[in-house]
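Student: Pasting a structure below so you can have a look.
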Protein chains: 2
Amino acid sequence: MQTTNKTETKLSTLKTHLTQINDLEAAASLLYWDQATYMPPGGASARGRQLATLQAISHTKFTDPSVGQLLEDLRSYEETLPYDSDEASLIRVTRRKYERAVWVPASFMAQLSRHRAEAYEFWVKARSENNFALVQPYLEKTLEMSCELASFFPGYEHIADPLIDFADYGMKTSFLRTLFAELRQQLVPIVEAITAQPTADNSCLHQFYPENRQLEFTIKLIKQLGYDFQRGRQDQTHHPFMINFSTGDVRITTRVYENELGQALFSTIHEMGHALYEQGINSDFEGTPLAGGTSSGIHESQSRLWENLVGRSRSFWQFFYPQLQAFFPTQLKDVSLDKFYRAINKVGRTLIRTDSDEVTYNLHVMLRFDLELQMLEGSLEVKDLPEAWRERYRHDLGIVPETDSEGVLQDVHWYSGQIGGMFQCYTLGNLISAQFFEAAVEEHPEIITKIEQGNFYTLHNWLKEKIYQHGCKYTAAELIRGVTGDTLRIAPFIRYIKQKYGQLYQL
Amino acid sequence: MQTTNKTETKLSTLKTHLTQINDLEAAASLLYWDQATYMPPGGASARGRQLATLQAISHTKFTDPSVGQLLEDLRSYEETLPYDSDEASLIRVTRRKYERAVWVPASFMAQLSRHRAEAYEFWVKARSENNFALVQPYLEKTLEMSCELASFFPGYEHIADPLIDFADYGMKTSFLRTLFAELRQQLVPIVEAITAQPTADNSCLHQFYPENRQLEFTIKLIKQLGYDFQRGRQDQTHHPFMINFSTGDVRITTRVYENELGQALFSTIHEMGHALYEQGINSDFEGTPLAGGTSSGIHESQSRLWENLVGRSRSFWQFFYPQLQAFFPTQLKDVSLDKFYRAINKVGRTLIRTDSDEVTYNLHVMLRFDLELQMLEGSLEVKDLPEAWRERYRHDLGIVPETDSEGVLQDVHWYSGQIGGMFQCYTLGNLISAQFFEAAVEEHPEIITKIEQGNFYTLHNWLKEKIYQHGCKYTAAELIRGVTGDTLRIAPFIRYIKQKYGQLYQL
């Protein structure tokens, strides 16, 4: 009786403390969201400082030895609970995050925050001016700091492992290298077979589509897919993202190009996929470390599942295309569903990762992954990165960027403060999305017909039940095992690609 | 040498610590701004908690004994510096705020934050349902907590004094009672003389003015007045306010009624007045307690100066009315400047403080001030407040609200968590605005002509130099003395009212 009361007090002390940290992190997220949407230019310098302050305070609070003591004191209680009970999961997941966080000194975190803000500013400038040299010293510093960050974690197998582990807990460089090599082997012949054929015509997407109408359509679309606007909103930004401040406030951002319909459409569905995950998390987890996606790879599997497996499918547009045509009658009245479907699934050897198709996308990702490893291993210097980039594009995609803006400067990731662990999640997400979708359709074969009828409930509900609600109660590996009864596999993705593009390109 | 270095270290430690607190407060402000502008309904409950967390953390950090020790250690250094040097001012103002803050336990602050959020929610509901009973228990708790808050400050003369002191440092109930009695004595005969005449016709303001056009016009207007959109922005909200996150990011909010042109016009100019003050603060003060308006009364003097002494003047509209007419030709082509000028300066015995005219406005304020004092003194119970409100409106304004929504529930102040110190600033602001404007025009008589020409530079610059730049380096009393060579006076306001309304109503 005495013990139970003490345990309850300790658990409640831990929860209160974690909620404080959660609130600081939510405030930092809002500072970021505002910076990316509405902040006037004059706010920039103070904003960087404010973000660094909040991150330093929450890091210090989280790594306070009292947290470690509470977790230690709760260990025997945890062992009496079922593994997947909410309380055991809270203690376990907190311990995992705590044990990782305590390796990193708060002073380093603060320094890193400041460097990130600065590097980002210079990347924006460098990219718009196509001037890699401008950001090179910052990227060198980033590489140095990434190595230092990794070095805080003793006993790693590969220097990238601790960095990968932040985003995709449990993943290792050695495993990913094998996985990616296998994927490449299976993918390259498909890419070659498709690109040997005449390229698809996607000019229908490049007519003039007014910004407001595009925004209106995407909002209408994602409402029908299940995004809850009572617990979210959509705003415009330069680089779309999903962000949440609580389980009741999960926002997305999008961008609109008036001569490129695909941008708003698919970036909106993509971010909505991330948001459905967060909106579907058990609201009892609010304010605790359980309230969040379990890994970057799993998160990306949800955005890619909705964007690609659903949002680029023929079944999906069988339902939505008449709505789209009604929205843009001048532009689309003479474009058939088949023509549109081919346009949004055009495959090509292109330069920009985020605009690339499902088939070549992983090639873009894997070359970045390799370059990250080379930099961390010391076999590639930052100054030689642009040339290495061009070389890999020549080799892997048969195309070379004419400018660094379209090359090594295109993605924010390295310039926002870390080299290592930044890209594997995209390919993991693609693989997992196919594996999950296959499992969903196996259990509910009617899902495809329902999609054709504009009914997304069965799929959404299955995802909620199997994945979303759990937040980060389960690790990615546990979740994949629980949902599919198997480990992470390449086969479902290859099957999906072969079937879809086999039909499209009569392979 | 050794001493100097130690002092420098201490000062720099203090500054770093203060900047951390500033950043937490800025984050809390952003949480609030977002809540009032873009937050989806689902975010509300977590948001209240997040705000309370940030406020509790910043309060705890600010009242840390190490801050007191640093301030103590810096005392001898401070004494070697000129009173109004930046460093002496920083130490002095921080000490003043610290000495006030340490009286209040952090646990009370956290409890108050939570109560505020809850009381606010119930006020929103109570007002929309015209149901005072719904919010009464929360208001009782607010009264209790306000008394408790005051009780932390030993040796006050009147229980309201500590609460007034938060907003208007150095002001006391006894002084304000005398000041307000004198003002009332001079004001009542003017109100009676005006309201004995036929009421002005302001129907031209109550035509249909499309929301977007109104917003467009207000933005165009305040740009010309000197509001810097590179360091600010305007968004819509229910209850307009100004808020800032740094000296480089000072935002305003406004509301638009499509059948009431005056709302958007004057609430925008009002909030812009607050914003010009904050935008004009010396940017060297960024991140320190010096970066902010020095008191609520002085802040309100700036909003009212721009809203009324400038924005409701004939000179102002001599310049802007043609622009307004061009914006709304259908509505205003047959309305002369004189007619418009009379419309926007209509005087009447009305129910709503924020919509009331310059002449009667202080009557609305002073009755609230008295009711606050009665509640704090224990001579008025919260349950009797609605009746006391009606009685005071009958007595002071000769009009009685039919509903509590138009009566005691109209203002958010008491329901957002404090009774006492909430209203005096409005009348102080009115008085000071006239006193400052008189001083400005005395020094630069050309100001009026410049306004007629749409040139606001001379006035804006004078305000920047005399008031804005100093932030809260000087107290309100010091500032008034410095700017006008006198103490706070009623006479300039009465002169202004008599002259302007004497002409309008041929008194």
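Read the figures in this text as sums done on the coordinates, not as results from a lab. The structure displayed is predicted, hence computed values, not measured ones. No Cβ is skipped: glycine too gets one built from the backbone with ideal geometry, and neighbour counts run over all protein chains shown.
Student: State, to one decimal in nm and shortest first, how far the label point of A:E406 sits from each corresponding label point in the other identical copies (label point: 7 angstrom along Cα-to-Cβ).
Tutor: Those separations, rounded to one decimal, come out as 6.7 nm.
Student: Farthest toward the dipole's positive end in the stretch A:1-147, which of A:L143, A:P41, A:T60, given Cβ charges of +1 (Lys, Arg) and -1 (Asp, Glu) about the Cα centre?
Tutor: A:P41
Student: A:S45: net charge of surrounding residues, Cβ under 12 Å, Lys/Arg +1, Asp/Glu -1, itself excluded?
Tutor: Combined, the nearby Lys, Arg, Asp and Glu give 0.
Student: Let me ask another. Expressed as an acute angle from 0 to 90° and rounded to the nearest 10, what is the orientation of the C-alpha long axis of helix B:86-101 relative to the principal long axis of chain B?
Tutor: Value to nearest ten degrees: 90.
Student: Closest approach to the B-A rotation axis by any Cβ of B: residue and distance in angstrom?
Tutor: In residue-and-Å form, the answer is B:A27, 2.
Student: Here's a follow-up. Can you figure out the FRET efficiency of A:K339 with B:R213, using R₀ = 30 Å and their beta-carbon distance, to the nearest 0.05?
Tutor: 0.10
Student: Charges on Cβ only, +1 for Lys and Arg, -1 for Asp and Glu, centred on the Cα centroid of the protein assembly as shown; of B:A200, B:N455, B:L176, which one is farthest towards the dipole's positive end?
Tutor: Checked the options; the winner is B:A200.
Student: Let me ask you something else. Across peptide A:286-292, what mean number of C-beta atoms from other chains lies inside 10 Å of a residue's C-beta?
Tutor: Working: counts 3, 4, 0, 0, 0, 1, 0.
That average works out to 1.
Student: Using per-residue counts of other Cβ atoms within 10 Å, averaged over each peptide, order A:406-419, B:326-339 from highest down.
Tutor: Result, highest mean Cβ count within 10 Å first: A:406-419, B:326-339.
Student: Moving on. Within a 10 angstrom radius of each residue's Cβ in A:13-23, how many Cβ atoms of other chains show up on average? Whole number is fine.
Tutor: That average works out to 3.
Student: If we hang a label 7 Å off Cα along the beta carbon direction at B:G155, how far is it from the matching labels on the other copies, in nm, shortest first?
Tutor: 6.1
Student: Below 8 Å between Cα atoms, with a sequence gap of 6+, how large is the relative contact order for the stretch A:164-287 in percent?
Tutor: Values: 134 pairs, mean separation 27.8, N = 124.
Normalised by residue count, the contact order of the stretch A:164-287 is 22 percent.
Student: Further, regarding this structure: With a Förster radius of 22 Å, plug the Cβ-Cβ distance of A:E465 and A:E182 into 1/(1 + (r/R0)^6) and report the FRET value to the nearest 0.05.
Tutor: The value I calculate is 0.10.
Student: Determine the relative contact order of the stretch B:374-507: mean sequence separation of Cα pairs under 8 Å and six or more apart, normalised by residue count, in whole percent.
Tutor: 21
Student: Something else: Assign unit charges at the C-beta atoms only (+1 for Lys and Arg, -1 for Asp and Glu), then state the dipole size of the stretch B:292-399 relative to its Cα centre in Debye, rounded to the nearest 20. Write down the numbers at each step before the final one.
Tutor: Values: 14 positive and 15 negative charges, 118 e Å.
Magnitude of the dipole: close to 560 debye.
Student: Here is a follow-up. For chain A, find the longest principal axis of its Cα atoms and tell me its angle to the long axis of helix A:106-129, 0 to 90°, nearest 10.
Tutor: Tilt relative to chain A: about 20 degrees.
Student: Spelling out what I want: for every residue of the stretch A:242-251, take phi, set θ = phi - 60°, compute 6.51 cos²θ - 1.76 cosθ + 1.60 (Karplus), and round to whole Hz; glycine and proline get x.
Tutor: Along the stretch A:242-251, the couplings run 10, 8, 9, 10, 5, 5, x, 8, 10, 9 Hz.
Student: May I pose another question? For B:D235, enumerate residues with amide H under 5 Å from its amide H, sequence gap 5+ or separate chain, H modeled in the peptide plane.
Tutor: Sorted by chain and number, the residues that satisfy this are B:I252, B:T253, B:T254.
Student: Further, regarding this structure: With θ set to phi - 60° and the Karplus curve 6.51 cos²θ - 1.76 cosθ + 1.60, what are the ³J(HN,Hα) couplings of the stretch A:481-491 in order, to the nearest whole Hz, using x for Gly and Pro?
Tutor: Running phi through 6.51 cos²θ - 1.76 cosθ + 1.60 with θ = phi - 60° gives 4, x, 7, 10, x, 9, 8, 4, 10, 8, 3 Hz.
Student: Only Lys, Arg, Asp and Glu count, each charged at its Cβ (+1, +1, -1, -1), so figure out the dipole size of chain B about its Cα centre, rounded to 20 debye. Don't skip to the end; give the middle numbers.
Tutor: Numbers: 50 positive and 64 negative charges, 120 e Å.
Taking the Cα centre of chain B as origin, the dipole is about 580 debye.
Student: So what are the ³J(HN,Hα) numbers for the stretch B:416-425, from phi and the Karplus equation (6.51, -1.76, 1.60; θ = phi - 60°), rounded to whole Hz, Gly and Pro as x?
Tutor: Working through the residues one at a time gives 9, x, 8, 10, x, x, 8, 10, 4, 4 Hz.
Student: Okay, next question. Relative to the present Cα-Cα distance, how much length would full extension add between B:V441 and B:D235 at 0.36 nm per residue of separation?
Tutor: So the chain would gain 70.9 nm between B:V441 and B:D235.
Student: Roughly how tilted is helix A:44-62, in degrees to the nearest 10 and between 0 and 90, from the longest Cα axis of chain A?
Tutor: Around 50 degrees separate the two axes.
Student: Additional query: Once amide H atoms are placed 1.01 Å from N in the peptide plane, what residues at a sequence separation of 5 or more from A:E260, or on another chain, have their amide H within under 5 Å of its amide H?
Tutor: Those lying under 5 Å, H to H, from A:E260 are A:Y209.
Student: May I ask you to derive the relative contact order of chain A, considering only C-alpha pairs under 8 Å and at least 6 residues apart, and to give it as an integer percent?
Tutor: 20 percent.
Student: Per-residue Cβ counts within 10 Å, from other chains only, averaged over A:48-57: what number is that? Present the calculation step by step, with values, prior to reporting the outcome.
Tutor: Working: counts 0, 8, 12, 2, 2, 10, 7, 0, 2, 8.
For peptide A:48-57, the averaged partner shielding equals 5.
Student: Same structure again: Nm distances between the label at A:R100 and the same-position labels in the remaining copies, 7 Å along Cα→Cβ, shortest first?
Tutor: Ordered by distance, the counterparts are at 4.4 nm.
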